[in-house]
Amino acid sequence: MKNILSLFLLFAFTLTVSGYTYSQVTKSGELSIAYSNRGLSKYNLRDFNGAIVDYTKAIELNPNYADAYYNRGLSKNDLKDYNGAVADYTKAIELNPNFALAYNNRGGAKGGLKDFNGAIADFTKAIELNPNYADAYNNRGWSKYNLKDFNGAIVDYTKAIELNPNYADAYNHRGLSKYNLRDFNVAIADYTKAIELNPNFALAYYNRGLSKYYINDIIGACQDARKSKQLGYDVSRFINAVCN
């Protein structure tokens, strides 16, 4: 769902993080980029609070730095500060109205706030700006799924798969929508494809097991559940209820 924006540095600043070494620069624009790139390094180290500090400094030095607002929004999103993330993505969009990534990620943050209709509007705008944006189709499908528009979700997941035939998450999500429509055999086909693309996809194994259970394939359901557990997904309740 998210992409990080940064610039390659042709200069340096007197700070060292994750291998980056910088000598002092005087231009605020260059210094702003240096802080933003150090924020990116911290983000990649999962130091989200530290990244926010650096992105904030970059913004102080360059209040029109759309990418810094966007990247700070990513950090806030990972800290589950969805309101803060929405605010940053909104500012990035104000500065760059054609910022498809920011629309997509603002939609994701709105989803975190359970504002699925608002999320759909943002994903739709991202798609308008980039009609080949597979992630935006997948994300819009997930919002429709949460609104129980399973048929609408299937249309979006199918488009995401058309754009990216190796999109394991989209196959899994489409399977969930088909499962909720009680089309269990077709759901199984989608989960199977997701597993082919990602053999360690624990959730897809569990989801496939559920569909097998509802077509009375108890042996297959338990095999999938045990594989899901082996891969780290907690399915103990299902196994205890069905397989023991």
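The values are calculated or read from the model by the stated rules, or taken from the named source; none is laboratory data. Treat the numbers as computed from the prediction; the structure is a model and nothing was measured. Neighbour counts run over all protein chains shown; Cβ positions are idealised from the backbone, glycine included.
Observations, loosely collected:
- Look at the stretch 31-42: where a residue is basic (K, R) and a partner is part of a helix (DSSP H, G or I), sitting 6+ places away or on another chain with Cβ atoms under 8 Å, you get R38/D54; K42/F48; K42/G50; K42/A51; K42/D54.
- Members of the stretch 111-133 that are of a type in the set (K, R) and under 19 Å from A160 (Cβ atoms): K125
- Scanning the stretch 198-242 for residues that are assigned to a helix (DSSP H, G or I), surrounded by fewer than 18 Cβ atoms within 10 Å (Cβ to Cβ) and in contact with a helix residue (DSSP H, G or I) (Cβ under 6 Å, 6 or more places away or on another chain) gives Y214, G220, I239.
- Flag if N138 is of a type outside the set (A, V, I, L, M, F, W, C) and surrounded by fewer than 24 Cβ atoms within 10 Å (Cβ to Cβ): no
To keep it simple, each residue is scored yes or no on (1) without any contact (Cβ under 8 Å) to a residue 24 or more places away in the chain; (2) over 14 Å from the mean Cα position of the chain (by Cα).
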| position | (1), (2) |
| --- | --- |
| N64 | no, yes |
| A68 | no, yes |
| N77 | no, no |
| A85 | no, no |
| Y89 | yes, yes |
| A92 | no, yes |
| P97 | yes, yes |
| A102 | no, no |
| D115 | yes, yes |
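- Residue satisfying all of: in the stretch 127-140; aliphatic (A, V, I, L, M) and either assigned to a loop (DSSP other than H, G, I, E, B) or within 17 Å of the chain's Cα centre (by Cα) (or both); nearest to A194 (Cα to Cα) among these: A134
- Test: R46 is basic (K, R), at pLDDT 55 or above and either touching a Cys at 6+ places or on another chain (Cβ under 7 Å) or part of a helix (DSSP H, G or I) (or both): no
- Scan of the stretch 141-157 for residues that are surrounded by fewer than 17 Cβ atoms within 10 Å (Cβ to Cβ), part of a loop (DSSP other than H, G, I, E, B) and out of contact with any Phe, Trp or Tyr (no Cβ under 7 Å at 6 or more places or on another chain), ordered by number: K148
- Any hit, the stretch 110-117, residues being modelled with pLDDT of 95 or more, part of a loop (DSSP other than H, G, I, E, B), assigned by TED's automatic domain parsing to the domain that holds Y137 and at positive phi: yes
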